[in-house]
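Only the coordinates and a few stated rules stand behind these numbers; no lab work does. Everything numeric here is computed off the predicted structure, so don't read it as measured data. Glycine also receives a Cβ, built like all others from the backbone with ideal geometry; neighbour counts cover every protein chain displayed.
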Amino acid sequence: MKTKTPKLPLRPFASWNEDTASLELGLNQIPHSAVLQEWLSSPYSGDALEKSQIERLSRFLADNVIAWNEDELKFKFLGPLMQIIDFDQRSFRAFTQRRLEAVINAETEQPVRVGGVVDFMIATGRVEPRRPFFFLHEYKKERGSANDPLAQVLVEMLAARTLNGNEEPMYGCYIVGRNWFFIVLEDSNYAVSDAFVATQDDIFQIVAILKAIKKRVEEAVAAM
């Protein structure tokens, strides 16, 4: 009689920190990434109306970011900003508050089952996310934020790459109030940008970086 293989316990995304991600998943931070630098150097382009909308959002954030809770930050600032980027296309779109689960290192002696609800991801599919692409977001408010949003989004990115079944670089970002940090994961190495401050002129570079990831997703989906 065959014995059933016990199901691996689920390790929620929120339970990870940089130490456990490094020790258990083999992730390693590097000081420089040419892929990250190319992404961060994307030039901004937009018409006068778009620039006016972005400036208004930046001022609105500056006036309110300390008082907002996490939902207010998402609803009043991040939602309108993402509308400017327009990630919702025919073949892929933005999904929020959707579950993601994967077994990392499945072929090794120490597989790890990770999962949880992802705040924001770009994936193929219209009703349900099917193939996660490159960009996963972890929202945090400015006061009282979780201790390690970087580790959480890194594990989400690693899970997405596992589901995709390839070793392409993964692109991500986490937000702490007005501060945006962009991440690239290549193989087991990751690099993190300095903060881009959305209440300053950095807001235009943030938009440029988001537009660049949209273009990368469009190209990847076209090549499928």
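Some notes on this structure:
- With neighbours defined as other Cβ atoms within 10 Å of a residue's Cβ, the residues I206, I122, I66, I84 order from fewest to most as I66, I84, I206, I122.
- Gyration tensor (alpha-carbon) shape descriptor, segment 61-104, a/c threshold 1.5: oblate
- Derived scalar couplings ³J(HN,Hα) [segment 23-31; Karplus, 6.51 cos²θ - 1.76 cosθ + 1.60; whole Hz; x for Gly, Pro]: 6, 9, 10, x, 7, 9, 7, 10, x
- Note, ³J(HN,Hα) from phi for segment 187-201, Karplus 6.51, -1.76, 1.60, rounded to Hz, x at Gly and Pro: 6, 9, 9, 9, 10, 10, 6, 5, 5, 9, 9, 6, 8, 10, 4
- Sequence of K7, K51 once ranked by neighbouring C-beta atoms within 10 Å, starting from the fewest: K7, K51
- Once backbone amide H atoms are built at 1.01 Å from N, F120 has Q97, H137 as its partners under 5 Å, excluding neighbours fewer than 5 places away on the same chain.
- When each of D148, D119 is scored by the number of other beta-carbon atoms lying within 10 Å, the sequence from fewest to most is D148, D119.
- Distant-in-sequence amide H partners of Y190 (H built 1.01 Å from N, under 5 Å): N28, Q29, I30
- Share of pairwise Cα separations in the chain, more than 31 Å, in percent: 20 percent
- Working note: Karplus 6.51/-1.76/1.60 with θ = phi - 60° gives segment 68-78 the couplings 5, 8, 5, 5, 5, 4, 5, 6, 8, 10, 5 Hz, where Gly and Pro are set to x.
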